[in-house]
Amino acid sequence: MHVTVVGGGIVGVACAYYLSQEDIDVTLYEKSRLGAGSTGYGGGIRTQYSTPANVILSIESKRVWDDFEDEFGVDIRHRPTGYLFLAREEDTAEKLRADVEMQNELGVSNEFLSPEEATAYCPELHAEQFVGASYSPDDEFVDPHLALQGYADAARGAGTDVREGVEVTAVYQDEGGTVTGVETTEGRQVTDFVVNAAGAWAGDVAELAGINIPVKPTLRRLLLVEPAESSPETLPLTMDLDGGAVFYPEDSEVMVISGHTETLVEADPDAYQSNVDLPWTTDVLEGVTELAGYFGPDTEVRDSITGLYALTPDQNPIIEESIPGFINAVGFSGHGFMHAPATGQIVSELVVDGTASLADVSEFSSSRFERGATTDEQNFI
Ligand SMILES: Cc1cc2nc3c(=O)[nH]c(=O)nc-3n(C[C@H](O)[C@H](O)[C@H](O)COP(=O)(O)OP(=O)(O)OC[C@H]3O[C@@H](n4cnc5c(N)ncnc54)[C@H](O)[C@@H]3O)c2cc1C
């Protein structure tokens, strides 16, 4: 059996790795170079989600992230900072409390806190404006470049043919619609399965097979700042869920800050504006200044980062065999890095067994949008 993986980001290399553990020939096509897409922008890993389906993807992925060095021989530099979510509205606090109960039932020891209790983890938090919080000590950051490299080397070692600088330009199907091959910029490849792991380009790749999926490339911008107050590297990622402001330490001197200060901006993944403007920068600085005492007029902006989220209408991915021989593993809406290990294993199961046992993927079918059966992920960063 032969499988073609389209895209050499973390999802593509994870799929290639797990597929090549089976008796399968795998070719991975990356039109640019490995990691040229969104992978690399953020290595945040968390279990604090509002849907059980996402928590399960996190739990299954975290098993791999925790033991990554044993399995892949690469130290991905774990930074166990924890994540702290804060609610201004009673409604949001009640949802956080329910999320924590659900997460605890699934086996993760996250906790619901009062804002005062939250200051134990984030001492400069302006706690008085909040009514509730949730915290997970196990949420963390790792280095996404090292993780990508670990998966890519292991996939190559297990036989995956990694073709960088080669674009998939067409998908061939027989009269019944089953996938039979792909056209690439270096020629035709006969194949039994195509795995679409094209991140922000996923909609275009799905269209090659006549599939319409609601995945939109959307700008996600971050600022790297030197805070007014020195801040410990161990601070959690701290997020005002109702306001959208978020910060986390990059190292002992630099903090990453951002916010949902406007409607999400859709962009062309091949030509988007990578610089940030002054009004956006000011809004983000104001948001984090309101959130905690690490920021103020003396905060210095050092740099900005603009990448793309592959966003779906409910902020949940699509993981399914959409037509015979074509698997979508797309639309991760800002959580594709952390969920790549589970996704790779699920995709491998879909190819080998035709069904997934690692997690119930019915929540990730694309038909949920037409059926009106979506559940928005509330804890959207
Ligand atoms: C600023 C920012 C911060 C983030 N922080 C986090 C975080 O903390 N935690 C987290 O889990 N996630 C985070 N994310 C989201 C995460 O980066 C993505 O969900 C993840 O990288 C998706 O991986 P991917 O492999 O699906 O896509 P990508 O990494 O985008 O890879 C897709 C690849 O497909 C290739 N491709 C496209 N079309 C073709 C074609 N026709 N032929 C061949 N190749 C093709 C592209 O060149 C690209 O390299 C963040 C994203 C951004 C932008």
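Read-outs: derived from the displayed coordinates by stated rules, not from any lab. Treat the numbers as computed from the prediction; the structure is a model and nothing was measured. Using ideal geometry, Cβ is built from the backbone for each residue, glycine included, and neighbour counts are taken over all protein chains shown.
Hey, how much of the P(r) for the stretch 256-381 falls beyond 21 Å, as a percent of Cα pairs? Percentage above 21 Å: 54. In this calculation the C-beta distance from A120 to D174 is compared with R0 = 45 Å, giving a FRET efficiency of 0.15. Peptides 104-111, 30-37 ranked from most to least packed, by the mean per-residue count of other Cβ atoms within 10 Å: 30-37, 104-111. Under a 5 Å amide H cut-off, with hydrogens placed 1.01 Å from N, V171 pairs with E183 among residues at least 5 apart or on other chains.
In this structure the amide hydrogen of V5, modeled in the peptide plane, comes within under 5 Å of the amide hydrogens of T27, L28, Y29, V195, none closer than 5 places in sequence on its chain. Helix 278-291 and the longest principal axis of the C-alpha atoms of the chain enclose an angle of approximately 60°. Backbone geometry of the stretch 303-315 corresponds, through the Karplus equation with coefficients 6.51, -1.76 and 1.60 at θ = phi - 60°, to 3J(HN,Hα) couplings of 6, 9, 10, 10, x, 10, 8, 9, 9, 9, x, 10, 6 Hz, x marking Gly and Pro.
Chymotrypsin sites (Phe, Trp or Tyr not before Pro) within the stretch 56-106: which are DSSP loop residues with at most 14 other Cβ atoms inside 10 Å? Counting only loop positions with at most 14 other Cβ atoms within 10 Å, none of the chymotrypsin sites (Phe, Trp or Tyr not before Pro) in the stretch 56-106 qualifies. Among the GluC sites (Glu not before Pro) within the stretch 138-238, those in coil by DSSP and having at most 10 neighbouring Cβ atoms inside 10 Å are E175.
Applying 1/(1 + (r/R0)^6) with R0 = 41 Å to the Cβ-Cβ distance of E167 and V352 gives a FRET efficiency near 0.90.
For the stretch 75-91, putting each phi into the Karplus relation 6.51 cos²θ - 1.76 cosθ + 1.60 with θ = phi - 60° gives couplings of 7, 8, 6, 5, 10, x, 7, x, 10, 10, 9, 10, 10, 8, 9, 4, 4 Hz, in residue order, rounded to whole numbers and with x for Gly and Pro. Gyration tensor over the Cα atoms of the stretch 112-168: the corresponding equivalent ellipsoid has semi-axes (square roots of 5 times the eigenvalues, largest first) of 45, 12, 9 Å.
Can you tally the net charge around T374? Count Lys and Arg as +1, Asp and Glu as -1, for every other residue whose Cβ sits under 13 Å from the Cβ of T374. Taking every Cβ under 13 Å from that of T374, the sum is -3.
Residue by residue, the stretch 112-128 carries 3J(HN,Hα) couplings of 8, 10, 7, x, 5, 4, 5, 5, 5, 9, 9, x, 8, 4, 7, 5, 4 Hz when phi is fed to the Karplus relation 6.51 cos²θ - 1.76 cosθ + 1.60 (θ = phi - 60°); x denotes Gly or Pro. Sorted into 10 angstrom bins from 0, the C-alpha pair distances of the stretch 62-111 split as 21, 34, 27, 15, 3 percent. Proximity of backbone amide H atoms, modeled 1.01 Å from N, is registered between L264 and no other residue at under 5 Å, excluding neighbours fewer than 5 places apart on the same chain.
Using r as the Cβ-Cβ distance of A373 and I59, and R0 as 30 Å, what FRET efficiency do you calculate, to the nearest 0.05? For R0 = 30 Å, the calculated efficiency reads 0.80. Among the trypsin sites (Lys or Arg not before Pro) in the stretch 165-239, none is located in a DSSP loop while being surrounded by at most 12 other Cβ atoms within 10 Å of its own Cβ. Using only Cα atoms, find the angle between the long axis of helix 10-20 and the longest principal axis of the chain, and express it within 0 to 90 degrees, rounded to the nearest 10. The answer is roughly 40 degrees. Dividing the helix sum by the residues of the chain, where each DSSP H run of 4 or more adds -39500 (n - 2.57), gives a mean residue ellipticity at 222 nm of -8000 deg cm²/dmol. Overall size of the stretch 71-161 from C-alpha positions, given as principal axis extents largest first: 54, 29, 18 Å.
The Cα-based radius of gyration of the chain, divided by its Kirkwood radius, gives an Rg/Rh of 0.97.
In plain terms, the chain from R188 to M1 could stretch by 65.7 nm, reckoned as 0.36 nm per residue minus the Cα-Cα distance.
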